[in-house]
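These notes are about the structure you will find just below.
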Amino acid sequence: MTDDPQITDPRFDGPGPDATWHAGLARGIVAIQRCGGCGAHQAPPSLLCRACGAPAPGFVDASGKATVYSATTIRRRDGAYNVSIVELAEGPRLMSRVEGDPEAVRIGMALTARIVEEDGIPVLVFDPAPAGGAA
Amino acid sequence: MADANRGRIAIVGTGITNRWEAPGRTAFDQAQEAALLALEDAGLTTRDVDGLFCSLSASGTPVLNVAERLGLTLRHADGTMVGGSSFVFHLRSALGALSAGLCDVALVTYGSNQRSAGGKLVAMPDPQPYELPYRPLYPISSYALAAARHMHEHGTTREQLASIAVAARDWARMNPAAMERGPLGIDDVLASRVVSDPLTKLDCCLVTDGGGALVLTRADRAKDHAAPVYLLGVGSAVSHRQIAAMPDLTTTAAAQSGREAYRMAGLGPGEIDHVMLYDAFTICTLMFLEDLGFCTKGEGGAFAASGAIAPGGSLPVNTNGGGLSCNHPGMYGIFTVIEAAEQLRGRCGARQVPGAEVALAHANGGVLSSQATAILGAPSTI
């Protein structure tokens, strides 16, 4: 009933953008949006292109290459860990974590995406790229 | 030609509870006390109020709760919630509502008991699923990410950030109502515990209780009150919700809200006598100094470290001691306006800025998410 084209707009049928993102991670894919109109990439996803306003941008697989845009080390009694804003090679920025020694994370550092499972949920994290790798 | 909205409404009463640690009082108790103090200051009663502007963390329906408790009969209400800058957004809404005759007496009020209730900053329930798995500390890690990027791009140092906390404390030492009034040096800030690099505990605002309120009328009615302070300009801007969505971590939407406020007021940063900048963290003061044009982009650290914003400096900033040393009940923005108004009324005792005629109050909400700027003027500016 809810997908009846007489009642609902078919451009927005199917899973919502957040569901598509999470389903991608569960399959080992970083699914970001690319607007068919203006070509802008975006993540996290949305029902429309934030750059030009066009509805229902489609999904593409991200390359997994990224760099650190900014980073902080959170220091708690039970240990320190990194929280970063990473900039994907395609342009969008996301909050994430760079794995390994948090003290070694530097702004501009090249990264490679990896999906890990935490508490039964797939989570996008990043590893420092091998030398000569992602840039 | 002057903008038609310049000086169109005025603050005619301010209320501040100065109860920064008040066990046994609810957020509503604080909001009500502040409202009554502001109305008494204006020579008005709750019977006169027909417009309520209210936001607080303790309730999703603050207007309903506060109106019931104060026994208000309202024609107009606005519960805009954009974090700690909400009250300066309310000033812009009140400008519209008062000017259009939708109400005649606008009460803006706020209260919090976050210190007594739990000792932690109380955030509205607003889960962010794209941040949650990474366990950022809310909100400090977002500000830390902005600070780290500012240091990377502009060479800003931890010592420069620390100088902002020290300047705020030096002002607080002249304010008998400030919560933290002990001596503080740069080394103390640098030696305090790092919570989220590069920010230490002493780069962070206080966690207090408290309440504040403002009463506003149209300028034609304001002349009947003892000490009106005119709203010369006000601008607001919404930039993002999550820090990763901020377009440029080193430039805030204060650039936009400030531009609108200056335009309406017909003034520039060189004509401001007194400045209040919402200092949830030291990096906030630094970036707002830049984005509001008090120094150039990238120079905020050096400007602050030069002593310019401290007592005796060229630009009096956060003269009450700020969120860093006076009070921070969670949504501090209303206190920037109250201190600015009180400076223009000449009521600030030892910390009074001599002859202040124009003040700027800037407020921040969320994680540098919403920004609002008000420029206030003494009657001589009208």
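Which FRET efficiency value, to the nearest 0.05, do you get for residue B:40 and residue B:181 by plugging their Cβ-Cβ distance into 1/(1 + (r/R0)^6) with R0 = 25 Å?
Values: r = 27 Å, r/R0 = 1.08.
So the FRET efficiency works out to roughly 0.40.
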Discussion item. I need the phi-derived Karplus couplings for region B:259-266: 6.51 cos²θ - 1.76 cosθ + 1.60, θ = phi - 60°, integer Hz, Gly and Pro marked x.
Written reply: 4, 5, 5, 4, 4, 4, 6, x
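For every helix of n ≥ 4 consecutive DSSP H residues, a contribution of -39,500 (n - 2.57) applies; sum these over chain B, divide by its total residues, and give [θ] at 222 nm rounded to the nearest 500 deg cm²/dmol.
Calculated mean residue ellipticity at 222 nm is -9500 deg cm²/dmol.
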Item to complete: Provide the gained length on full extension for the span residue B:100 to residue B:48, in nm with one decimal, where the gain is 0.36 nm per separating residue minus the Cα-Cα distance.
Response: 16.9 nm
Worksheet item: Looking at chain A, which Cys residues are left with no other cysteine's beta carbon under 4.7 Å from theirs?
Response: none
Item to complete: Please get the size of the charge dipole for region B:207-365, origin at its Cα centre, with Cβ charges of +1 on Lys and Arg and -1 on Asp and Glu, quoted in debye to the nearest 20.
Response: 260
Worksheet item: What ranking of A:20, A:73 comes out by heavy-atom accessible area, probe 1.4 Å, highest first?
Response: A:20, A:73
Practice prompt. Just grab the label-to-label distance for residue B:73 and residue A:52, each label 7 Å out from Cα along the Cβ direction, in nm (one decimal).
Written response: 5.7
Worksheet entry | Sites residue A:116 and residue B:271, calculated FRET efficiency, Cβ-Cβ separation with R0 56 Å, nearest 0.05 | 0.55
Worksheet entry | Rounded to whole Å, sorted largest first: equivalent-ellipsoid semi-axes of region B:213-259, Cα gyration tensor | 35, 11, 8
Worksheet item: Using modelled backbone amide H atoms (1.01 Å from N, in-plane), which distant-in-sequence or interchain residues come within less than 5 Å of residue A:69's amide H?
Response: A:85, A:86, A:87, A:108
Worksheet item: Tell me, what is the per residue accessible area of the protein assembly as shown in Å², probe radius 1.4 Å?
Response: 39
Item to complete: Take each of the peptides B:283-289, A:86-92, B:137-143, average the number of other beta-carbon atoms within 10 Å over its residues, and list them starting from the highest.
Response: B:283-289, B:137-143, A:86-92
Discussion item. Over 10 Å intervals from 0, what percent of Cα-Cα pairs in region A:10-61 sits in each interval?
Written reply: 30, 55, 16
Practice prompt. Per DSSP H run of n ≥ 4, the term is -39500 (n - 2.57); total these for chain A, divide by its residue number, and report the mean residue ellipticity at 222 nm rounded to 500 deg cm²/dmol.
Written response: -2000 deg cm²/dmol
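Looking at chain B, what % of its DSSP beta bridges pair antiparallel, to the nearest 5?
75
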Worksheet entry | Cα-based shape type of chain A, given that a ≥ b ≥ c are square roots of the gyration tensor eigenvalues and the cut on a/c is 1.5 | prolate
Item to complete: Can you pull a Stokes-Einstein diffusion coefficient for chain B at 10 °C (1.306 mPa s), Rh from Kirkwood over Cα pairs, as a whole number of µm²/s?
Response: 79
Item to complete: Enter the angle in degrees (range 0 to 90, nearest 10) between the Cα long axis of helix B:158-172 and the first principal axis of the Cα atoms of chain B, meaning the one along which they spread out most.
Response: 40
Worksheet item: To the nearest 100 Å², how much accessible surface do chains A and B cover up together, summed over both, with a 1.4 Å probe?
Response: 2200
Worksheet item: What shape does region A:65-128 take by its C-alpha gyration tensor, where a ≥ b ≥ c are the square roots of the eigenvalues and a/c under 1.5 counts as rounded, a/b above b/c as prolate, and the rest as oblate?
Response: oblate
Discussion item. Which of B:351, B:259, B:221 ends up with the largest GNM mean-square fluctuation for chain B, with Cα atoms connected below 10 Å?
Written reply: B:221
Worksheet item: When every alpha-carbon pair in the protein assembly as shown is counted, what percent end up more than 34 Å apart?
Response: 39
Item to complete: From other protein chains only, count the Cβ atoms within 10 Å of every residue's Cβ in A:68-80, then give the mean.
Response: 6
Discussion item. Please compute, for peptide A:89-101, the average count of beta-carbon atoms on other protein chains lying within 10 Å of each residue's beta-carbon.
Written reply: 3
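The values are calculated or read from the model by the stated rules, or taken from the named source; none is laboratory data. This structure is a prediction, so every number in the text was calculated from the model and none was measured. Reconstructed Cβ throughout: ideal geometry from the backbone, glycine too, with neighbour counts over all protein chains shown. Calculation scope for accessible area: heavy atoms of the full protein, side chains included, ligands and nucleic acids excluded. Shrake-Rupley method; radii C 1.70, N 1.55, O 1.52, S 1.80 Å.
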